[in-house]
Each structure stands twice: as C-alpha cells, then as structure tokens.
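Quick notes on the structure that follows.
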Amino acid sequence: MATRSLSPNRIAQKLREHRQCVIVLARQSARKAIKAQLRAEGLKLSQFSAKDISIRAEAYFDVHRERLIAEAEQIIATSPYLERWRLPDCANIETSAQTQTQPISTTSAVQILGAK
C-alpha cells in the first residue's frame, strides 16, 4: 500500500481545520438545541434577538461541551459531505521528517567508466 507524504505544516493545517470544523458543528448544535427548547416552551423565535439566542447557545455549549464535541466528531467521521475535514489516517501517512531518502549520486556513467 502506498503511503501519502504530508509535510509537518500540512499536518498541522489539517489538525487546525478539523478542530475548527468540530467547534463550528458543536456550536451549531447548541443553537439548534436552544431554538428547539424555546419552541417547546411555546415561544416564538422572532421574540428573541440573535444576540439573545447566541448568549443562550453559548451557555448551553459550556454545560454540554463534551457531548456536543463528541457528536460533532461522529458527524465528521461519518458524513460524506464533511470528508475534507476528517483527520488524516495516521497509519497511512509519513511526514517528510519520517522518510529517509538515500543520497542521489551525481556521478555519471561516463565518469565511472573513465575512472576504470
């Protein structure tokens, strides 16, 4: 099986993108939960400003952080639409720091034959 080679900078970038995607999905879930909670109480969302919903969603996120992040990780791992933001498969990746390259000889065949 061929391995993909990613530079340390590219791996760090992929990790940042993954973390950002997880947090965005978790915060979206918190907003959806707050909106559903308000509707369940018989309230209309138009009665609340976006700022008020955001404040409530932030408080909900703080309380349910681990669960929301775990759900977001699961969504990223299984959704074909979010494949770009998945973590790279560490088993199939070699960084350039891990690969050992052999020095390439700059001696030509003519030079080798002439030395004999």
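The values are calculated or read from the model by the stated rules, or taken from the named source; none is laboratory data. Every value quoted in this text rests on a predicted model; they were computed, and no experiment measured them. All Cβ positions, even for glycine, are placed from backbone atoms using ideal geometry, and neighbour counts span all protein chains on display.
Kindly indicate the residue of region 26-80 that is of a type in the set (Asp, Glu) and either in contact (Cβ under 8 Å) with a residue 24 or more places away in the chain or touching a Leu at 6+ places or on another chain (Cβ under 6 Å) (or both) and also nearest to LEU15 (Cα to Cα) among those meeting that condition. The extreme case among them is GLU73.
Among the residues of region 25-56, those that are under 23 Å from the mean Cα position of the chain (by Cα) and of a type in the set (D, E, K, R) comprise ARG27, ARG31, LYS32.
Among the residues of region 1-49, the ones that are surrounded by fewer than 16 Cβ atoms within 10 Å (Cβ to Cβ), in a loop (DSSP other than H, G, I, E, B) and either modelled with pLDDT under 95 or of a type outside the set (Ser, Thr, Tyr) (or both) come to 8 in all.
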